Amino acid sequence: MKATTKKKINPEQSALLLCEHSLLLEKANIIIRDIDNRIIFWSKGAESLFGWKQTEAVGKYFHKLFEVRFREPFDTMMEKLFATGKWEGELIYKRKNGTTIPVSSLWLLRADDGKVPASILELDNDISSLKMIEHEITSSREQLRNFAAHIQSIREEERTAIAREIHDGLGQALTGLKMDLAWIILKLPKQQNQELVKKIESSSLLIDSTIKTVRRLTSQLRPGILDDLGLVAAIESELNEYQNRTGIRCTFHTEFEEVSLNKESATAVFRIVQESLTNILLHANASEVKISMKKSASEFRFTIQDNGKGISPEALARADSFGLLGMRERAAVFAGEVTINKPSPRGKGTLVTIKIPEES
């Protein structure tokens, strides 16, 4: 058997290491509690962070001293600690001056020589700055979302105004022009010029085609049926027009004649449906689209499913997928959600699910 030799540390090195460890222990925000959660050690770091001196803190129950706000039941936290030897999470502590402080807390169970739990080592880190940054980011996102919602609202108002102008101005003018041509034909002499009649009839057909184009444009800008008859009728009309225009078979299943959504929420759902149908036409290579609408206790759920080639996770994650991002943001404005995935693990196509709270 080979003899083993231990590396010797001279007294000076040993004293230096001990001093370094002592300094770290004192500067760190360390608290040691007994098994009954009474404080038995209070570092200089803890004194600086929380305000109490060691003589004021030692012997106190930590949760009473700090008036701790727990994110989960305290008994559950202690069960995890004794089961795994560790607990970590975020807590809200009250300082001596009455202010509160969020901390990231790590608890380690310490055992005696007989491996019986003897104390709890607690290490706390002040995360006030991190929480402030998180709040600022959340606030900025909320402001951007509200700004986007405001822009969408203005856009819808402008679309409605333009659609009304086109319908009332150009549409009515074309209708009047068609009536004038019909009147001219009636007023022509009996021995009328057939070439002239054919030209007038051709012009009348051209006016009919232009009127259809005007109706299509006004519907795309702002479907009047959405305002007059509601979301369900608007989706049915959109699907009929989409099927006739593209040849993609469409079905719509709903248990309701109408949904109790306000005008803005209904518009958001309709625009998401439109965007989904456009994506299917451009990218899916599908032959069938199914849309359904159901209602749970507190929300409406719309699903749009196609049998096309599907969408890859990479495409979903792309930063320039503005159409998909716009769909999610439209729903998020009203505390809703849009998810996009496969209908099933082995299924074909794409499933878009829209969830909108009933009272949004």
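No value in this document is a laboratory result; all are computed from the given coordinates. In this text, all values refer to a predicted model and were calculated from it rather than measured experimentally. Positions of Cβ are backbone-derived with ideal geometry, glycine not excepted, and every protein chain shown enters the neighbour counts.
Quick one: go through region 82-123 and flag any residue whose amide nitrogen is under 16 Å from the point 7 Å out along the Cα-to-Cβ line of residue 133.
Of the residues in region 82-123, 102-104 have backbone N under 16 Å from the label point off residue 133.
Full-extension gain between residue 187 and residue 148, please, as 0.36 nm times their residue separation minus the C-alpha to C-alpha distance. Don't jump to the answer; show the numbers that get you there.
Values: separation 39, 0.36 × 39 = 14.04 nm, distance 5.68 nm.
Once the chain is fully extended between residue 187 and residue 148, it gains 8.4 nm.
Please rank 227, 113, fewest neighbouring Cβ atoms within 10 Å first, as an exposure proxy. Spell out each step's value before the answer.
Working: 227 13, 113 6.
With the sparsest Cβ surroundings first, the list reads 113, 227.
A 23 angstrom limit on the alpha carbon distance is what I want to check against. Which of 44/115; 263/342; 60/115; 212/294; 294/342 exceed it?
Working: 44/115 29 Å; 263/342 30 Å; 60/115 25 Å; 212/294 34 Å; 294/342 19 Å.
Pairs exceeding the cut-off: 44/115; 263/342; 60/115; 212/294.
Given the convex hull of the Cα atoms of the chain, what is a quarter of its surface area in nm²?
Numbers: hull surface 137.7 nm².
Result: a mean projected hull area of 34.4 nm².
Between residue 166 and residue 348, take the C-beta separation as r, use R0 = 45 Å, and let me know the FRET efficiency to the nearest 0.05.
Values: r = 40 Å, r/R0 = 0.89.
That pair, residue 166 with residue 348, gives E of 0.65.
Treating region 225-360 as a set of equal point scatterers at the Cα positions, no solvent, please give the Debye-formula log₁₀ I(q)/I(0) at q = 0.09, 0.12, 0.19, 0.21 Å⁻¹.
For region 225-360, the Cα-only Debye profile gives -0.24, -0.44, -1.14, -1.38.
What's the Kirkwood radius of region 21-126 in Å, using all Cα pairs?
Result for region 21-126, one decimal place: 13.9 Å.
Using a Förster radius of 45 Å, what is the FRET efficiency between residue 69 and residue 243 based on their Cβ-Cβ separation? Nearest 0.05, please. Kindly include the intermediate steps, with their values, before the conclusion.
On the way: r = 57 Å, r/R0 = 1.26.
Efficiency, from the Cβ-Cβ distance: 0.20.
Over what distance in Å are the Cα centres of region 230-264 and region 202-226 separated?
For region 230-264 versus region 202-226, the Cα centre distance is 20 Å.
Rounded, prolate or oblate: which one fits region 243-288, using the alpha carbon gyration tensor with axes a ≥ b ≥ c (rounded when a/c is under 1.5, else prolate when a/b beats b/c, else oblate)? Write out the running numbers ahead of the final one.
On the way: a/c = 3.17, a/b = 1.69, b/c = 1.88.
In terms of gyration-tensor shape, oblate.
Out of residues 5 or more away from residue 289 or on other chains, whose amide H comes under 5 Å of its own, with H placed 1.01 Å from N in the peptide plane?
Under 5 Å from the amide H of residue 289: 249, 250, 251.
What shape does region 223-263 take by its C-alpha gyration tensor, where a ≥ b ≥ c are the square roots of the eigenvalues and a/c under 1.5 counts as rounded, a/b above b/c as prolate, and the rest as oblate? Walk me through the intermediate numbers first.
Values: a/c = 3.59, a/b = 1.64, b/c = 2.19.
Cα axes put region 223-263 in the oblate bin.
Let's test the formula: R0 of 45 Å, r as the Cβ-Cβ distance of residue 321 and residue 180. What FRET efficiency results, to the nearest 0.05? Spell out each step's value before the answer.
Working: r = 50 Å, r/R0 = 1.11.
It comes out at approximately 0.35.
Run the reach check for residue 187 against lysines, Cα to Cα strictly under 22 Å, same-chain hits fewer than 8 apart removed. What comes back?
178, 198, 199
For every helix of n ≥ 4 consecutive DSSP H residues, a contribution of -39,500 (n - 2.57) applies; sum these over the chain, divide by its total residues, and give [θ] at 222 nm rounded to the nearest 500 deg cm²/dmol. All intermediate terms of the calculation are to be shown ahead of the outcome.
Details: 13 runs with 180 residues, N = 360.
It lands at -16000 deg cm²/dmol.
Between residue 61 and residue 28, what length in nm is gained on full extension when 0.36 nm per residue of separation is reduced by their alpha carbon distance? Before the final figure, lay out the partial values.
Details: separation 33, 0.36 × 33 = 11.88 nm, distance 2.03 nm.
Stretched fully, the residue 61-residue 28 segment lengthens by 9.9 nm.
Return the sequence-ordered ³J(HN,Hα) values of region 205-219 in whole Hz as given by the Karplus equation 6.51 cos²θ - 1.76 cosθ + 1.60 applied to θ = phi - 60°, using x for Gly and Pro.
Computed from phi, the couplings for region 205-219 are 5, 5, 5, 4, 5, 5, 4, 4, 5, 4, 4, 5, 5, 5, 5 Hz.
For Cα pairs less than 8 Å apart in space and 6+ apart in sequence, what is the mean separation divided by the residue count of region 225-360, i.e. the relative contact order in percent? Display every interim value, and only then the final one.
Values: 227 pairs, mean separation 33.1, N = 136.
Over region 225-360, the number comes to 24 percent.
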